[in-house]
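Peer 1: To start, I am sharing the structure in question, which I have written as structure tokens.
The values are calculated or read from the model by the stated rules, or taken from the named source; none is laboratory data. Since the model is a prediction, treat every value here as computed from it, not as a measurement. No Cβ is skipped: glycine too gets one built from the backbone with ideal geometry, and neighbour counts run over all protein chains shown.
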């Protein structure tokens, strides 16, 4: 599926964004803009999305993961397996994958959440056409749901 690059702010460079939402059991998050970021290890979301108003995840015993990114400071996230739904540009459901995501209480999403190597690129073949301002994703057949 082909997606156009998105310009979030007036003076910003267009980037590869997808609209996604997460689910666990009967709970789902809101739809969020997610940057397809090959420099991120895991998909990273704010901890607020894991709480009872959204996914209702119990992360007390979840594995911790330490990372550093745009802040330059070490941050800690909790890892959880959730369903991630990718939406087409017109808002209809493209696909859903069971994947590992990180939830961090110090992660801010002014420029969107991040989709990373483990949990996104491990689920999708991704091709970037930056000069043409679009990208394509194709779900790997072995993990199609």
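Peer 1: Suppose the filter is within 13 Å of residue 102 (Cα to Cα), within 17 Å of the chain's Cα centre (by Cα) and in a loop (DSSP other than H, G, I, E, B); does residue 48 pass it? Spell out the reasoning first.
Peer 2: Working: within 13 Å of residue 102 (Cα to Cα): yes; within 17 Å of the chain's Cα centre (by Cα): yes; in a loop (DSSP other than H, G, I, E, B): no.
Taking the combined requirement at face value, the residue does not satisfy it.
Peer 1: Spot the failing condition for residue 67; the list is (1) surrounded by 14 or more Cβ atoms within 10 Å (Cβ to Cβ); (2) in contact with a helix residue (DSSP H, G or I) (Cβ under 9 Å, 6 or more places away or on another chain); (3) farther than 13 Å from residue 113 by Cα; (4) free of Cβ contacts under 8 Å to residues at least 60 places away in the same chain, and only one is missed.
Peer 2: (2)
Peer 1: Take residue 25 and decide whether it is without any contact (Cβ under 8 Å) to a residue 40 or more places away in the chain, under 23 Å from residue 123 (Cα atoms) and out of contact with any strand residue (DSSP E or B) (no Cβ under 8 Å at 6 or more places or on another chain). So that I can check it myself, show each step before the final result.
Peer 2: Values: without any contact (Cβ under 8 Å) to a residue 40 or more places away in the chain: yes; under 23 Å from residue 123 (Cα atoms): yes; out of contact with any strand residue (DSSP E or B) (no Cβ under 8 Å at 6 or more places or on another chain): yes.
Spelling it out, residue 25 is indeed without any contact (Cβ under 8 Å) to a residue 40 or more places away in the chain, under 23 Å from residue 123 (Cα atoms) and out of contact with any strand residue (DSSP E or B) (no Cβ under 8 Å at 6 or more places or on another chain).
Peer 1: Which of the residues belonging to the stretch 79-115 are in contact (Cβ under 8 Å) with a residue 24 or more places away in the chain, surrounded by fewer than 19 Cβ atoms within 10 Å (Cβ to Cβ) and in a loop (DSSP other than H, G, I, E, B)?
Peer 2: The answer is 88, 89, 91, 105, 106, 108, 109, 111.
Peer 1: Can you name every residue in the stretch 25-42 that is assigned to a strand (DSSP E or B) and surrounded by fewer than 18 Cβ atoms within 10 Å (Cβ to Cβ)?
Peer 2: So in the stretch 25-42, the residues assigned to a strand (DSSP E or B) come out as 27-28, 32-36.
Across the stretch 25-42, the qualifying residues are 27, 28, 32, 33.
Peer 1: Looking at (1) under 16 Å from the mean Cα position of the chain (by Cα); (2) at pLDDT 95 or above, which one does residue 108 not meet, given that it meets all the others?
Peer 2: Going through (1) under 16 Å from the mean Cα position of the chain (by Cα); (2) at pLDDT 95 or above one by one, residue 108 breaks only (2).
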